[in-house]
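The values are calculated or read from the model by the stated rules, or taken from the named source; none is laboratory data. Please read these numbers as outputs of a predicted model, since none were measured by experiment. All Cβ positions, even for glycine, are placed from backbone atoms using ideal geometry, and neighbour counts span all protein chains on display. When the accessible area is computed, the model is the full protein with side chains, heavy atoms only, and any ligands, DNA or RNA have been set aside. Shrake-Rupley method; radii C 1.70, N 1.55, O 1.52, S 1.80 Å.
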Amino acid sequence: ETIYNGESAESVEELAKGYINEDLGVLSIDDAITGAADIIAEKISDDADIRKALRRMFIKLGVVYSQYAKGVEADDEKALVYEMYKEYSEPVTALKAHRVLALNRGEKDDALKVKLEIDKELAYNISKSSIVKGDSPYKEIISKACEDAYTRLIEPSIEREVRNLLTENAQEKAIKMFEVNLRPLLMQAPLKGKVVLGFDPGLRTGCKLAVVDDTGKVLDKAVCYPTLDDEKKIENAKVIIK
């Protein structure tokens with residue numbers, strides 16, 4: 001708390017001396033300062049407001065970058081498939097669903113390395129905004145702890161969150177587009193100029209019938225049981241089918 005509030009005029013070194021403890025593995029002033037900075041970084045990483053602000057920035061100002069993965073040569077089969085993404089970048093706000101899915105496939109195939117980033121200085125400033133206030137003997141250490149919190153803890157976590165969100169949205173759009181494209185194929189007339197009877201075999205739940213005209217319009221539908229060892233149901237099925 002003393003370090004956070006900057007209320008003490010003690011030097012960092014003088015303050016750190018009181019935390020040297022061989023039993024706890026704190027053997028020097030540097031160990032104490034490093035340990036304090038790690039604690040501050042953890043606190044910043046757990047700050048919900050900072051994470052919320054950074055997540056919003058990733059979505060509004062983030063840029064997706066991709067390049068060939070390590071070991072992939074330009075003439076490899078994988079490289080040829082993902083050639084357009086070998087030196088690729090695009091803002092998150094402009095990223096199309098099919099590109100999100102293509103980048104994901106490239107990563108899964110070990111062909112691409114994909115990264116989602118925002119401007120580092122902007123990210124550092126957001127991380128520091130509620131922590132570094134005014135001047136104190138500890139400002140430099142706290143500032144570095146903020147940068148460490150972002151680079152080591154916050155950035156990888158939020159990048160995963162935002163990329164998962166992009167993937168979910170892309171998959172929903174892909175399914176919707178598939179539905180749009182499939183519907184006219186399923187609803188078109190099966191045979192031009194012919195009325196068609198469709199017969200879906202079934203035992204326990206019966207055989208489902210449907211009749212469509214030469215434009216694909218449904219004329220009638222029914223269920224019958226011609227497969228059971230029941231003469232009455234078989235005769236009834238013949239009538240229904242006819």
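Cα centroids of region 84-120 and region 154-191: how far apart, whole angstrom? Cα centroid to Cα centroid, the span is 16 Å. Charge dipole of the chain (Cα centre as origin; +1 on each Lys and Arg Cβ, -1 on each Asp and Glu Cβ, all else neutral): 2320 debye, rounded to the nearest 20. The charge dipole of region 75-189, taken about its Cα centre with unit charges on the Cβ of Lys, Arg, Asp and Glu (plus for the first two, minus for the last two), comes to roughly 400 debye. Size of region 94-242: Rg and Dmax of its alpha carbons, in Å, are 30.9, 97.
Would you mind classifying region 173-242 by shape? Square roots of the alpha carbon gyration tensor eigenvalues, ordered a ≥ b ≥ c; an a/c under 1.5 is rounded, otherwise it is prolate if a/b is larger than b/c and oblate if not.
Oblate shape, in that a/c is at least 1.5 and b/c is the bigger or equal ratio.
Residues of the chain: accessible area per residue at 1.4 Å, in Å²? If you can, show how the numbers build up before the last one.
On the way: 16310 Å² over 242 residues.
Per-residue accessible area for the chain comes out at 67 Å².
Between beta-carbons, use under 13 Å as the cut-off and find the net charge around Glu90, counting Lys and Arg +1, Asp and Glu -1. In short, +1.
Test of understanding: what is the full-extension gain from Leu61 to Ala222, defined as 0.36 nm times their sequence separation minus their Cα-Cα distance?
Details: separation 161, 0.36 × 161 = 57.96 nm, distance 5.66 nm.
My answer for the length gained is 52.3 nm.
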